[in-house]
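Heads up, the thing below is written out as structure tokens.
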Amino acid sequence: MDDLDRLLAETMHDAAGRAPSDDGLLRGVHHRSRAIHRRRVLTGVSAVAAVALVAVGVPFMSVLATRPEPVVPPAATAPAVPPSPTASATASPTPSAAPPSSGPPASPAPPPPRSEAPASTAVTLAEGWTAPVFPYTLPAAEDRRTPVATMNDGDLIGFFETTDPQHEADITVTVSGAEPPDGAGSETARRVRGRDGTLRTVEQQPARQLALTWQESPSRWITLATDDTYTPDEVVAWADGLSAGSIEVQPPFQLDLSPARLTTTTVTASRMIFSSPGTGGISLILQDRTPLSGANQTVGGYSAALTRDGDIARLAIDVRDWDATLEITVGDGLTISDADLLRFGAAVTLLTRSNPE
């Protein structure tokens, strides 16, 4: 035996002395196997906890995270480890270890239906704004001012103001898409425009209020309201004198841009509201001036604060020379970028007819 063989034999003899026994070696393998198993379980728990934290912070994500996914059958030899929620959406099915059947393959079961989160509608801004039209007018008279039309919650309202309050009275005509709710006062049946109507009288000071309501068509109800300057017969005569007209609703603001595909439902001296089914709509409200908290934008030379609360976006503009605050709110179910919301705010001009609330 030469020196190389002797050195090799001594090295192998020393290594054999340090080697574990058969029982020790088996215990080491089991210990390592259990450690790997614990790490995989902890990894799965951590993933579930991460999804839970995201769900608490972002409700929309909680809908996506809990959405049922198609069941993926595990491999026959796979260890019983709780699956990670993120892995179930991306893992590919593992082929079964069972031998194939001699018959035709069975059709796979359809996946369970997914519960999709409601989609939001993106707001698109269009040039200008088209005013709704009040469709009636009263006979012309020297003691009447030019009628003014407004809109409230979808109802079109025509206001016919008198210049002779000693002998005449103001008249308000409201056109609704549904029957108005019952109010206070006494009722009397009256025929108006060839239809059955109801005259309601409410005792007030300094004058009793009279309101005559009737159904003009299957989808239209009309109420003519005034006071006891007129007798009940004269109130009916005013209603009979209504004729087709076209009086544009007068807005409190000039809009160089307006939300497309939304319906104008309210236009008053301080408000413009645009509605869309299933959403919170968009509102512009002129209020008495209040100090802005957290001003972070400038709109048309005015300080402004743009904030978001969940799905709701708000832009408050300090219109200091009008001693007013203009608040634009984009409700839930609608989405708009910060840039478009600022562009919309800059396209609003207050008109002299506006009046903060």
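The values are calculated or read from the model by the stated rules, or taken from the named source; none is laboratory data. Note that the structure is a prediction, hence the values are computed from the model and not measured. With ideal geometry, Cβ positions are generated from the backbone for all residues, glycine too; neighbour counts draw on all protein chains shown.
At-a-glance table
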quantity: Residue identified as over 28 Å from G278 (Cβ atoms), in contact (Cβ under 8 Å) with a residue 60 or more places away in the chain, part of a strand (DSSP E or B) and among the small types (G, A, S) among A225, A244, A211; calculated: A244
quantity: Criterion (more than 30 Å from T124 (Cβ to Cβ) and either modelled with pLDDT of 95 or more or of a type in the set (A, V, I, L, M) (or both)) met by exactly one of A269, A178, A189, A260; calculated: A189
quantity: When residues of region 142-188 are limited to those that are over 17 Å from T229 (Cα atoms) and over 42 Å from the mean Cα position of the chain (by Cα), the one surrounded by the most Cβ atoms within 10 Å (Cβ to Cβ); calculated: T188
quantity: Among the residues listed as S283, S276, S243, the single one being assigned by TED's automatic domain parsing to the domain that holds M151 and under 22 Å from M151 (Cα atoms); calculated: S243
quantity: Criterion (under 25 Å from A131 (Cβ atoms), in contact with a Gly (Cβ under 7 Å, 6 or more places away or on another chain) and of a type in the set (A, V, I, L, M)) met by exactly one of V267, V299, V319; calculated: V299
quantity: Given (1) touching a Pro at 6+ places or on another chain (Cβ under 9 Å); (2) more than 24 Å from G245 (Cβ to Cβ), index of the condition P206 fails; calculated: (1)
quantity: Count of region 147-185 residues which are within 28 Å of F274 (Cα to Cα) and part of a strand (DSSP E or B); calculated: 17
quantity: Yes/no for A339 being closer than 23 Å to A269 by Cα and either in contact with a Ser or Thr (Cβ under 8 Å, 6 or more places away or on another chain) or at pLDDT 95 or above (or both); calculated: no
quantity: Hits in region 141-169 (condition: among the hydrophobic types (A, V, I, L, M, F, W, C) and farther than 27 Å from P180 by Cα); calculated: A141
quantity: Members of region 274-290 that are at negative phi, touching a residue at least 24 places away in the same chain (Cβ under 8 Å) and either assigned to a loop (DSSP other than H, G, I, E, B) or of a type outside the set (S, T, Y) (or both); calculated: S276, T279, G280, I282, L284, I285, L286, Q287, D288, R289, T290
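Per-residue answers, yes or no, for (1) within 18 Å of P291 (Cα to Cα); (2) part of a strand (DSSP E or B):
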site	(1), (2)
A313	no, yes
I317	yes, yes
T325	yes, yes
I328	yes, yes
D332	no, no
D340	no, no
F344	no, no
T349	no, yes
T352	no, no
